[in-house]
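Have a look at the structure below before the remarks.
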Amino acid sequence: MKLFDVYPLNNITITKASGSYVWDDNQVKYLDMYGGHAVISIGHTHPHWVKSIEEQLHEIAFYSNSVIIPIQQQLADTLGRVSGKDIYQLFLCNSGAEANENALKLASFHNGKKKIVAFSKSFHGRTSLAVAATDNKNIVAPVNETDNIIFLPFNDENALQQCFEQYGNEITAVIIEGIQGVGGINVANNSFLQLIRNLCDMHNAVYIADSVQCGYGRSGKFFAHDYAGVNADIYSMAKGMGNGFPIGGILIAPHLQAKHGMLGTTFGGNHLACAAALAVLEVIETENLMQNANELGAYLMEKLIAIEGLQNIRGRGLMIGFDLSDELKDLKKQLLFGQHIFTGEAKPNVIRLLPSLAITKMQIDEFLEGLKNAITVIQG
């Protein structure tokens, strides 16, 4: 049987990983500045994470949500404390797309309305409503198309005001990433997020903070939306939540009421996934990884600004992007195959940096040296 060929692949086979490094099947060592799309939050194969999963696996890996699963409440309690959202409710699922699907569905259940406001360059997932609210026509199938999505320019306060003036009574939710990931590391303005909060309050709409990529401490705060000093009604989470173990979830404000059967999942919140997610939070807390993201993110951005040829350096914490001139359009390839450094990209010429929150200053310096070397090679 052939694999369904939907992924453009680098000709590299990773066989081992530890901390901020991975090794291929030829024992070549790579610095991982991408974490598999911001998934690796506490470092590859962190010992506490491995031990927690292994111990849970010897007890029970899975049973359905038809019985009490105490580790779910342990996870909820820890997540509430570390995130500062302890009055919220937790629904567990398996991925970011699934988290956003449930967030959008719950919003519509809550207020009985249909229209969703999303933004240019947004990415919310590849399924049903999540992909309909994603600004990429190439991944939206005809069956996903709907008149219920309103796309507005990102950070455009006038457009947002006008939209609510016209459709306010029909808008069920506004969904926005605090920092757009796939769209190219675009940071939502604090005033823009504050306006969303105000307009949602005025029009009985639900503010959904898509924190799948920019959440879980990556920005230097637990949620990137926290920089605006507002609380969303729903926060969607995944990626860094399990450090590579599949898990997702939504935090739900107390005024959104649950009803049996309104949301559901077979695998969401299983014992093994909860053990992985609980271990991640324990490491984030005990190793002060949000502070590390803040400090080393600021250090990295300061150093990047001093490198000629990099443009529009932006981001927060350890979620950083910069634009490339046409001369440097092959920089990602040179970093990977010439310097053995994994980075991400966004079209047309954006480099995305999403390393582990546990990365060290020495490893940041290693990246910076490799980056300068790659630029020198390209420029001849």
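Every number in this text was worked out from the coordinates using simple rules, so none of it is lab data. Bear in mind the structure is a predicted one, so any value in this text is a computation, not a measurement. Cβ sites come from the backbone with ideal geometry, for glycine too, and all protein chains shown count toward neighbours.
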>> Taking the conditions exactly as written (within 24 Å of Ile14 (Cα to Cα), in contact with a Cys (Cβ under 9 Å, 6 or more places away or on another chain) and hydrophobic (A, V, I, L, M, F, W, C)), does Met319 satisfy them or not?
In response: yes
>> Residues that are surrounded by fewer than 20 Cβ atoms within 10 Å (Cβ to Cβ), at least 1 per element: which strands (runs of 3 or more DSSP E) completely within the range 312-380 meet that?
In response: 319-324, 344-346
> Do we find a residue being surrounded by fewer than 15 Cβ atoms within 10 Å (Cβ to Cβ), out of contact with any strand residue (DSSP E or B) (no Cβ under 8 Å at 6 or more places or on another chain) and more than 23 Å from Glu285 (Cα to Cα) anywhere in the range 67-76?
Replying inline: yes
> Between residues in the range 56-69 that are touching a residue at least 12 places away in the same chain (Cβ under 8 Å) and residues that are hydrophobic (A, V, I, L, M, F, W, C) and part of a helix (DSSP H, G or I), which pairs lie under 7 Å by C-beta distance while being six or more apart or on different chains?
Replying inline: Gln56/Leu272; Gln56/Ala275; Leu57/Leu272; Ala61/Leu272; Phe62/Leu272
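In the range 232-242, how many are in contact with a strand residue (DSSP E or B) (Cβ under 8 Å, 6 or more places away or on another chain) and either in a strand (DSSP E or B) or not aliphatic (A, V, I, L, M) (or both)?
From the range 232-242, those in contact with a strand residue (DSSP E or B) (Cβ under 8 Å, 6 or more places away or on another chain) are 232-238, 241; that's our starting set.
Going one step further and asking which of them are either in a strand (DSSP E or B) or not aliphatic (A, V, I, L, M) (or both), we end up with 233-237.
Counting residues in the range 232-242 that are in contact with a strand residue (DSSP E or B) (Cβ under 8 Å, 6 or more places away or on another chain) and either in a strand (DSSP E or B) or not aliphatic (A, V, I, L, M) (or both) gives 5.
Here is a list: Leu331, Leu368. Which entry is in contact (Cβ under 8 Å) with a residue 24 or more places away in the chain, farther than 30 Å from His225 by Cβ and over 23 Å from the mean Cα position of the chain (by Cα)?
Numbers: Leu368 fails: farther than 30 Å from His225 by Cβ.
Just one listed residue meets the conditions, Leu331.
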> How many of the residues in the range 238-267 are among the basic types (Lys, Arg) and surrounded by fewer than 24 Cβ atoms within 10 Å (Cβ to Cβ)?
Replying inline: 1
> Is it fair to say Lys115 is touching a helix residue (DSSP H, G or I) at 6+ places or on another chain (Cβ under 6 Å) and either farther than 23 Å from Gly268 by Cα or surrounded by fewer than 16 Cβ atoms within 10 Å (Cβ to Cβ) (or both)?
Replying inline: yes
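In the range 222-231, what residues are assigned to a loop (DSSP other than H, G, I, E, B) and farther than 16 Å from Ile185 by Cα?
Taking the range 222-231 first, the residues assigned to a loop (DSSP other than H, G, I, E, B) are 222-223, 229-231.
Scanning the range 222-231 gives Phe222, Gly229, Val230, Asn231.
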>> Just checking, does the range 303-319 include any residue being out of contact with any Asp or Glu (no Cβ under 9 Å at 6 or more places or on another chain) and of a type in the set (S, T, N, Q)?
In response: no
>> Could you tell me how many of the residues in the range 28-55 are surrounded by fewer than 18 Cβ atoms within 10 Å (Cβ to Cβ) and either touching a residue at least 60 places away in the same chain (Cβ under 8 Å) or at negative phi (or both)?
In response: 10
>> Checking Leu9 against (1) loosely packed, with under 12 Cβ neighbours inside 10 Å; (2) under 23 Å from the mean Cα position of the chain (by Cα); (3) in a helix (DSSP H, G or I): exactly one of these is not met. Which one?
In response: (3)
> When the residues of the range 19-66 are filtered to those that are aromatic (Phe, Trp, Tyr) and under 23 Å from Ser211 (Cβ atoms), which remaining residue is nearest to the chain's Cα centre (by Cα)?
Replying inline: Tyr34
>> Tell me yes or no: at least one residue of the range 275-291 is under 30 Å from Ala205 (Cα atoms), part of a loop (DSSP other than H, G, I, E, B) and either of a type in the set (Gly, Ala, Ser) or in contact (Cβ under 8 Å) with a residue 60 or more places away in the chain (or both).
In response: no
